[in-house]
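Notes for the one structure printed next.
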Amino acid sequence: MFRISQYMRELAHAEQTGHYPEVRERKARGPVVIWNLIRRCNLTCKHCYALSADHDYVGELTLPEVFTVMDDLKGFGVPALILSGGEPLLRPDIFEISAQARKLGFYTGLSTNGTLIDRPLAQRIAQEGFDYVGISLDGLKPTHDKFRRLDGAFDRSLAAVRFLAEFGVKVGLRFTMTAMNAHDLPNLLQLMKDEGANKFYFSHLNYAGRGNIHRDKDAHHLATRDAMNLLFDRAWADAQAGCMDDYVSGNNDADGPFLLHWVRQHLPQWESALTERLTRWGGNASGQMVANIDNLGHVHPDTMWWHHDLGCVRDRPFSAIWNDTSDPLMAGLKQHPRPVQGRCAGCKYLAICNGNTRVRAQQLTGNPWFEDPGCYLTDDEVGAASTPLEVPAKTKAFNSIRRSKEAENA
């Protein structure tokens, strides 16, 4: 996750005081865990990385198993759990799980499509004390309903935002941009303000799940640059006004170097200080400080790596799986610098973006260390030339036997 507003507030402080603030971040021992507790969902969204459907899936972790895993995560130093799905609110014991998470001291977030949240459920969510609830919106009503394949989905999700705000829950909007919905971004940012949402999460489309199937409809690089410039401008205006709303982005760590280009144009006196700050941030954290556990208990480097299985928490504790570098992918993800190739290897921003999102290269070429095809900076901007893209004929997006069998049973 790239915390746009955090850096903009630091820049605003620098402008006001004449010096860039000293920021000391507490480093957690363990990663943030995004936990897909259930695969069932009442929607079948076009860009779903879990390929969810509205039926039960056999073999999902039981409540006692979930609690056992949570104890291990706590001992391992995991600071935060993001409870996701599918649709996590379809899991009957979701509030027992969230209560245990809060009892153990985890920062606890809920990632939901919002369509199931009426006023009583919003009140229950507020009582449970979630630190944050993220609701996905893919655009305004016509766009969102088309993406979600359900007429009325937008109205129900927007009602959920309002119900949660009514009960004082910190709520944010989550938006995955493609060429089919990029036009709605300005209106969604205005909607965020109008509805009093506290956070806007902008996700670049990653090549996984249905996002991989529809990658030919991913937003072009110029549209991505326009979107990021819009987010930077909005976050900078808020920072200058003292507004504490948050704009964050994910799934494309080129956002860090691109912010440097924005600063070079608008606040050149702080480019050096921000470069140092972003280098400490360190870019892509897949396999390092971001982890995923799926509904069957299988561990992945992040949510976009569902086709790469590191092991199951039923067989080994998460802590043992996460520290095991016998898996070549994990060994490379934890390496500094990562063994990236092509223009990523020669990029002057490698220390900032950490090679960006490796899954895109793997999905398109079969080689996880090839240059990231989703990087939207030009060769001149990164100081390295692109390598011709050669896609092996037998490359498949989903080559896991277990995942193939799940797809057949879906």
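Output the residues belonging to region 343-353 that are at pLDDT 95 or above and not hydroxyl-bearing (Ser, Thr, Tyr).
If the condition is that a residue be at pLDDT 95 or above and not hydroxyl-bearing (Ser, Thr, Tyr), then CYS344, ALA345, GLY346, CYS347, LYS348, LEU350, ALA351, ILE352, CYS353 are the ones that fit.
Return the pair list, or none, for Cβ contacts closer than 7 Å from residues in region 103-130 that are free of Cβ contacts under 8 Å to residues at least 60 places away in the same chain to residues that are of a type in the set (S, T, N, Q), at least 6 apart or on different chains.
THR108/SER98; GLY114/SER157; GLU128/SER98; PHE130/SER98; PHE130/THR108
Keeping to region 299-336, report how many residues are in a loop (DSSP other than H, G, I, E, B), closer than 21 Å to ASN206 by Cβ, touching a residue at least 24 places away in the same chain (Cβ under 8 Å) and not aliphatic (A, V, I, L, M). Spell out how you get there, then give the answer.
Filtering region 299-336 down to residues in a loop (DSSP other than H, G, I, E, B) leaves 301-311, 313-317, 323-327, 335-336.
Remaining after also requiring closer than 21 Å to ASN206 by Cβ: 301-310, 327.
Restricting the remaining residues to those that are touching a residue at least 24 places away in the same chain (Cβ under 8 Å) gives 301-309.
Then keep just the ones that are not aliphatic (A, V, I, L, M); that gives 301-303, 305-309.
Total satisfying the criteria: 8.
Counting only residues that are in contact (Cβ under 8 Å) with a residue 24 or more places away in the chain and not in a loop (DSSP other than H, G, I, E, B), which one in region 363-389 is surrounded by the most Cβ atoms within 10 Å (Cβ to Cβ)? Give the steps one after another, and end with the answer.
First, pick out the residues of region 363-389 that are in contact (Cβ under 8 Å) with a residue 24 or more places away in the chain: 363-372, 374-377, 379, 381-387, 389.
Adding the requirement that they be not in a loop (DSSP other than H, G, I, E, B) leaves 363-365, 379, 381-382.
Working: GLN363: 25, LEU364: 20, THR365: 19, ASP379: 12, GLU381: 17, VAL382: 21.
Selected residue: GLN363.
Of the numbered conditions (1) in a strand (DSSP E or B); (2) out of contact with any His (no Cβ under 6 Å at 6 or more places or on another chain), PRO339 fails exactly one; give the number of that condition.
Failed condition: (1).
Among the residues of region 227-255, what is the count of those that are in contact with a strand residue (DSSP E or B) (Cβ under 6 Å, 6 or more places away or on another chain) and not hydrophobic (A, V, I, L, M, F, W, C)?
7
Where the second residue is modelled with pLDDT of 95 or more and surrounded by 15 or more Cβ atoms within 10 Å (Cβ to Cβ) and the first is more than 14 Å from GLU10 (Cβ to Cβ) and among the basic types (Lys, Arg) and lies in region 229-252, which pairs have Cβ atoms under 7 Å and are six or more apart or on separate chains?
From region 229-252, the pairs are ARG234/LEU189; ARG234/TYR247.
The values are calculated or read from the model by the stated rules, or taken from the named source; none is laboratory data. Source: prediction; values computed, not measured. Note that each Cβ is placed from the backbone with ideal geometry, even for glycine, and that neighbours are counted across all protein chains shown.
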